[in-house]
Amino acid sequence: MAGVIAIDGPAGAGKSTLSRLLARELGYRHLDTGAMYRAITWLAIERGIDLNNEEALTELARETEIKFLPADSNGVCPIIVNGQDLTNEIRKPLVNKYVSLVARIEGVREVMVKLQRKMAEEGEIIIDGRDIGSRVVPNADLKLFITASLEERARRRFNELKEKNLDLKFKEVREEIARRDKIDSEREVSPLVRVEDALLIDTTDLSIEEVVKKIKTIIDKGESNG
Ligand code: CDP
């Protein structure tokens, strides 16, 4: 699929930041699919929907309108849900805690994947998530699997939350990430996996700039190889 870059990987691996920077460098759009599952989770909590009720959550996903605005000056594409900007709400700890439960539900995923494929149709897009290379766009031009050690991913997420003045303990953040990874990797529908044709990039000892540089080299080489 021309001009489509699929980025998968576990929580806190740096996919979102990396996708934002790469999109800016390449002049591509960025689709953060995690934001969509987060949005449904936020709405479900807000409306008091039982997170084990697959039917109710699937219905919620079906009736929810999700749109992204063009990137702001930080490269973030605001997410508009039923006309409301939820960009900040969906990053709250309560959503972190429950999002993987909602993302397990096939009915919810079907609705989201359909929307994601539609957004990918025009090309020139970087899509990040868990099942992008395996399910959403298996014919993407380039597939990357971005990871880092659990300790490093937890450290990054901890610093991010600290910047937002959220008072969490490092140990709690690490446990939360490990728990979410486990659910995401072991679920029955579209689990987090590295597909065979995805390039593995371990960012444990790399800065974000180094990762961007590395990927740009891969893209340039691919192009020159024709
Ligand atoms: O930013 P972080 O890596 O912590 O999470 P995210 O990319 O915003 O994704 C949040 C959650 O949504 C993940 O833990 C998955 O449970 C789910 N997700 C998914 O199942 N499939 C996707 N394509 C993207 C996210």
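Quick note: the coordinates plus some simple rules give every number you see, no bench work behind them. Keep in mind that this is a model prediction, so the values were computed, not measured. Neighbour counts are summed over all protein chains in view; Cβ atoms, including those assigned to glycine, are modelled from backbone coordinates with ideal geometry.
For L31, the residues whose modelled amide H falls within less than 5 Å of its own, excluding neighbours fewer than 5 places apart on the same chain, are I126, I127, D128. On a straight-distance basis, which lysines could pair with K169 in a cross-link, Cα separation under 29 angstrom, same-chain partners fewer than 8 positions away excluded? Straight-line reach from K169, under 29 Å: K15, K92, K97, K182.
Based on the Kirkwood radius over alpha-carbon pairs, what is the Stokes-Einstein translational diffusion coefficient of the chain at 10 °C with 1.306 mPa s viscosity, in µm²/s?
Taking Rh from Cα pairs, D becomes 89 µm²/s.
A simple spin-label model places pseudo-atoms 7 Å from Cα toward Cβ; at N159 and A178 they are separated by 2.2 nm. Using R0 = 30 Å, the C-beta based FRET efficiency linking E196 and A2 works out to 0.90. Centre-to-centre, using Cα atoms only, region 170-226 and region 1-46 are separated by 12 Å. Among residues other than A56 whose Cβ falls under 10 Å from its Cβ, what is the net charge (Lys/Arg +1, Asp/Glu -1)? Surrounding charge for A56 is -3.
At R0 = 22 Å, how high is the FRET efficiency between K92 and E151 if r is their beta carbon distance? Nearest 0.05 is fine. Don't skip to the end; give the middle numbers.
Values: r = 24 Å, r/R0 = 1.08.
Efficiency for this residue pair is about 0.40.
Cβ crowding within 10 Å ranks E152, E209 as E209, E152, fewest other Cβ atoms first.
Of E188, E54, how do they rank once you tally other Cβ atoms within 10 Å and put the fewest first?
E188, E54
In the chain, helices alone account for a calculated mean residue ellipticity at 222 nm of -15500 deg cm²/dmol, with every DSSP H run of four or more residues adding -39,500 (n - 2.57). Label positions at E25 and E188, each projected 7 Å from the Cα along the C-beta direction, are separated by 4.1 nm.
How much net charge surrounds A140 when only other residues with a Cβ under 13 Å from its Cβ are counted (Lys, Arg +1; Asp, Glu -1)?
Working: positive: R117, R135, K143; negative: D8, E121, E124, D128, D131, D141, D197.
Around A140, the charge tally is -4.
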